[in-house]
């Protein structure tokens with residue numbers, strides 16, 4: 001039986017030959033996706049848009065579910081082989097409707113890239129009472145995978161790629177109070193919890209899905225300049241964190257450590273297409289390679305971010321408990 005990644009057992013770099021400055025186009029060079037079908041959430045802006053462009057250029061048909069259809073059409077109008085469908089990750093009914101339409105089409109799904117996410121937002125809850133970052137960044141992923149599972153199995157070789165973040169280091173999953181009903185809401189703690197959940201889900205999904213030819217990966221794309229992820233954050237907050245000067249300009253040393261969008265999409269594309277991952281899954285990746293397990297000694301870079309993956313986001317019991325919680329909250333009897 002293939003090894004699993006419980007407790008980070010597989011978190012060892014493969015020496016892929018790529019790195020932090022590698023672009024998505026460089027990663028996919030020589031890979032032909034003709035006849036493959038991909039779904040990319042958030043695929044009309046930021047690194048999701050770059051992911052869509054690169055997959056389509058390699059021959060894939062790419063379906064982009066979007067909240068704002070007109071914006072998606074505008075951003076995607078020059079990209080061939082792209083289909084746009086309505087979906088809102090904060091609305092479970094819209095996830096079900098999108099997935100049902102795809103499954104009913106009878107097509108296999110070779111790549112599901114859960115790229116969409118939010119950050120820096122004030123406290124908000126969906127109709128079920130789920131905190132918005134947890135609902136969008138994780139629970140929507142869980143529901144979408146569950147609903148698209150028949151199409152993933154049908155592909156006879158599929159990958160699920162969950163765009164997580166180094167921000168999982170901001171906090172573990174709080175099983176006692178995941179929706180901040182008793183504790184004070186802190187937006188970065190909520191963000192960290194949602195990304196920890198994504199890592200745990202990825203690992204547990206891969207453990208059970210690999211028997212059906214489906215592998216799963218989570219990743220940190222890097223800290224990226226030019227995306228919309230920080231649109232809800234104030235300049236004052238960035239000043240407090242030391243990213244901006246008092247006159248409102250990003251600090252040069254911070255800017256020097258940021259990735260551009262083509263670099264930011266590279267690890268997603270590597271997880272989705274690299275033959276180096278054909279026999280391994282459930283791992284957390286960064287800079288187009290498997291990340292190291294963070295023992296507290298990994299280098300801190302320019303101070304903007306840490307590297308590596310925290311053990312609590314790869315813990316077997318946490319993963320199984322999260323799966324059970326997710327089934328309960330969504331009402332989905334997700335059995336692989």
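Taking 0.36 nm per residue of sequence separation and removing the Cα-Cα distance, the residue 186/residue 12 pair yields an extension gain of 59.4 nm. A Stokes-Einstein calculation at 37 °C with viscosity 0.692 mPa s, built on the Kirkwood radius of segment 77-136 over Cα pairs, returns a diffusion coefficient of 239 µm²/s.
Taken over the Cα atoms of segment 81-199, the convex hull encloses 114 Å³ per residue.
Averaging the sequence gap over all C-alpha pairs within less than 8 Å and six or more residues apart, then dividing by the number of residues, gives the chain a relative contact order of 23 percent. P(r) tail, segment 11-92: Cα-Cα pairs separated by more than 18 Å, 46% of all pairs. When peptides 83-92, 120-129, 316-325 are ranked by their average number of other Cβ atoms within 10 Å per residue, the highest-first order is 83-92, 316-325, 120-129. Note on residue 97 and residue 334: with the Förster distance fixed at 25 Å, the Cβ-Cβ geometry gives a FRET efficiency of about 0.90. What's log10 of I(q)/I(0) for segment 12-151 at q = 0.17 Å⁻¹, Debye sum over Cα points only, no solvent? Debye output, listed in q order: -0.98. Gyration tensor over the Cα atoms of the chain: the corresponding equivalent ellipsoid has semi-axes (square roots of 5 times the eigenvalues, largest first) of 26, 23, 22 Å.
None of the figures in this text is laboratory data; all of them are computed from the coordinates on show. All of these numbers come straight from a predicted model, not from anything done at the bench. Note that we place each Cβ from the backbone using ideal geometry, even for glycine, and neighbour counts take in every protein chain shown.
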